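Quick note: the coordinates plus some simple rules give every number you see, no bench work behind them. None of these values were measured; they are calculated from a predicted model. No Cβ is skipped: glycine too gets one built from the backbone with ideal geometry, and neighbour counts run over all protein chains shown.
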Amino acid sequence: MKKVLLVSSSVAFLGRNAGLLSDKGFEFFTAKSGAEAIRLHQKQPFDLVISDLELEGMDGRDLCLELRKHEQSKSLPFVLICYDSPAHIEKVRESKAAAILIRPINPTHLLVTIGSLINMQLARSKRVAFNSEVLTKKQDLEFVSQSHDISATGILLETEHLLSQGDTILCDLKFDEALGTEAQGEVIRCLNSKSGKKLYGVKFVELPPPKRNMIERYVASNTHLGISQKPIIPLGNNLE
């Protein structure tokens, strides 16, 4: 059972969401301050932390940054809740949180965000089908490859063009009509396909967090954990 920590100084908010998350099969914990959240996390690490930006003492931004200092929680999914104001959103940016929830919180949106981020953790070692044409660039050469599957760390491409192990390429990934990103990759293996074309295993390299998050969330949205999933645009895209 996945462990979720909700941090808020609002007793009403904590109580309102405790039953919601418990009903969906999460093990649910609460903290009323950043200091209490850190103590709880040290006793038993959580799979996800959701925190109000405004807390007594240490605020949500500082809580996120403090938890990320520790090796065991460097990749901990962290969601910040705030009001739709420039000052609050700038603080969320500084925290490098994985996602943002704007008040007032929609319960369905809360559940989808939690499910997506927890699935994203599992998706880092999972490959999912991704049958799409991928515009591929190698230096000045530009050609179209056919993708077969994708993971958070790489993609399998089929093409008539000859590539070599160690080649660096740029892949233009389109997840749907509105969602896509470019990803730099390195060819790490070469195979022959049944059609006679070449298959190349490509490892993503030097991905900025917004691009990495977008790919992880696409993979996560194809991982079923009992919650209806839709890809969620990463924090960086929400705020630009």
Taking region 178-197 and keeping only residues that are within 12 Å of residue 157 (Cα to Cα), touching a Leu at 6+ places or on another chain (Cβ under 8 Å) and loosely packed, with under 15 Cβ neighbours inside 10 Å, one is left with 190, 191, 192, 193
Wholly inside region 57-167, helices (runs of 4 or more DSSP H) that include 2 or more residues that are farther than 20 Å from residue 179 by Cα, within 15 Å of the chain's Cα centre (by Cα) and β-branched (Val, Ile, Thr) are 107-123
Over region 172-187, the set of residues farther than 15 Å from residue 199 by Cα, assigned to a strand (DSSP E or B) and not polar (S, T, N, Q) is 172, 173, 174, 180, 182, 183
Q) So is residue 132 in contact with a Ser or Thr (Cβ under 6 Å, 6 or more places away or on another chain) and of a type in the set (Ser, Thr, Tyr) or not? A) yes
